[in-house]
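A short reminder: the numbers here are calculations on the coordinates, not readings from a lab. Here the structure is a predicted model, which means the values were calculated and not measured. Note: ideal-geometry Cβ built from the backbone for every residue, glycine included; neighbour counts use all protein chains shown.
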Amino acid sequence: MTLRLRQLGDPILTQVAEPVTEFGRPALQNLIEEMLATLKEAQGVGLAAPQVGFPLQVIIVASRPNLRYPDAPQMEPLVMVNPRPLACSEEQVLGWEGCLSVPNCRGLVARSREVEVEYHTPEGSRQRVVWRDFPARIFQHEYDHLRGRLFLDRQPQQLLSEADYQAQILAQPPA
Ligand code: K1U
Ligand code: ZN
């Protein structure tokens, strides 16, 4: 089953999400399966539980190569429970972002180029990962959702409609 995507203006998108306290429970597994189905249907590269109506610290990162980020790694969707950034590089890079909760809008946002993250698997085992570039950007975008923030709050250097983004940005090869 897929879940309804909450859109800009929904108060859940401005709430701080609660940590998961019980791992390996059917309710958590159901939520994760429904988030994975919703992400697939929406053809996104990431999703956070508040976007589908659950104010919980669960995100999915699912990088894949695309027109704007042709060198992005192809990942199996990675489910991260209670993720916590341990380090974010001082080096920042500008990149285009979309948001499934902000339809028809793209923004050019500055983010740390590299992040180191600790998280739990749905079964509760603790993991660490270091990402650069597109997966690091997706992680920061999703982590923002857990803090009640949208990319619009990150003072995008440019904002475009989807149509203008496709005509002006995707039509050009990436720098
Ligand atoms: O959290 C979300 O709203 C999902 C969002 C994640 C994201 C996209 C781009 C940069 C950072 C984070 C999306 O997946 S929107 C769809 C999208 O922009 C996209 C889809 C496929 C390839 C590339 C971008
Ligand atoms: Zn988003």
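Data overview
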{"item": "Geometric extent, Cα atoms of the stretch 1-94 - Rg, Dmax (angstrom)", "result": "14.4, 41"}
{"item": "Fewest-first ranking of 125, 63, 112, using other Cβ atoms within 10 Å as the exposure measure", "result": "125, 112, 63"}
{"item": "Least to most buried among 120, 145 (fewest other Cβ within 10 Å first)", "result": "120, 145"}
{"item": "The stretch 19-60: C-alpha pair distances exceeding 14 Å, %", "result": "43 percent"}
{"item": "Per-residue HN-Hα couplings for the stretch 78-90 [Karplus 6.51, -1.76, 1.60; θ = phi - 60°; Hz; x = Gly/Pro]", "result": "9, 8, 10, 9, 6, x, 9, x, 8, 7, 10, 5, 5"}
{"item": "Integer Hz, Karplus 6.51/-1.76/1.60 couplings in order for the stretch 149-163, x for Gly and Pro", "result": "10, 10, 4, 5, 7, 9, 6, x, 6, 8, 10, 9, 5, 4, 5"}
{"item": "The chain, relative contact order in percent, only Cα pairs under 8 angstrom and at least six apart counted", "result": "24 percent"}
{"item": "Rg [Å, one decimal], Dmax [Å, integer] - the stretch 103-175, C-alpha atoms", "result": "15.0, 44"}
{"item": "Antiparallel %, DSSP beta bridges [both residues in the chain], to 5", "result": "95 percent"}
{"item": "Degrees between helix 133-146 axis and first principal axis of the chain (Cα, 0 to 90, nearest 10)", "result": "60 degrees"}
{"item": "For the stretch 50-175, the fraction of alpha-carbon pairs in successive 5 Å shells from zero, as %", "result": "2, 10, 19, 24, 22, 14, 6, 2, 1"}
{"item": "Amide H contacts of residue 150 (H built 1.01 Å from N, under 5 Å, at least 5 apart or other chain)", "result": "none"}
{"item": "Angle in degrees between helix 26-42 and the longest Cα principal axis of the chain, rounded to the nearest 10", "result": "20 degrees"}
